[in-house]
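In what follows, a single structure is set out as structure tokens and then discussed.
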Amino acid sequence: MKLNTFKGYAKFSTWLYSFTYHFCLNYIQRSAYKKKERSTVVSNQTKEEPVFEEIDTVNLLKVKLERLAEVLTLMKPAEKIILLMKYQEDMRIKEIMCVLKISESAVKMRIKRAKAKVVKIHREL
């Protein structure tokens, strides 16, 4: 680990998150580069209209979370990661700025675009 790169400009946890983020992003990019072929699944099945039943709140939330997880798998890693930092890790904009090494306006714009992509993918499913 490159502990000597920690300069103390941000909290240690933010630096560690940043280090881990960049390591994972590099790993994903290297893996994607190695895997040149991508397959596309084509289906002739038509979507059936959902059947609405009485569902309790816990099961409804479970369905929504499963749907969100499905949507996130269809997003690019960078888009997914910024949303996870903001909403799952509950990181502030300033912390995300330090991790990604981008400006505040860039963080806000990326979050806005990623949220729009979630909505778009959700509508297409």
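The values are calculated or read from the model by the stated rules, or taken from the named source; none is laboratory data. For clarity, every value in this text was computed on a predicted model and none was experimentally measured. Cβ atoms come from the backbone with ideal geometry, glycine included; neighbour counts cover every protein chain shown.
See the values below:
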| read-out | value |
| --- | --- |
| Sole exception among (1) part of a helix (DSSP H, G or I); (2) touching a helix residue (DSSP H, G or I) at 6+ places or on another chain (Cβ under 8 Å); (3) at pLDDT below 85 for residue 23, by number | (2) |
| Top-ranked residue of the range 97-122 - restricted to ones that are of a type outside the set (Val, Ile, Thr) and closer than 16 Å to residue 73 by Cβ, ranked as modelled with the lowest pLDDT | 122 |
| Matching residues, the range 67-125, being over 24 Å from residue 10 (Cα atoms), of a type in the set (A, V, I, L, M, F, W, C) and free of Cβ contacts under 8 Å to residues at least 24 places away in the same chain | 69, 116, 119 |
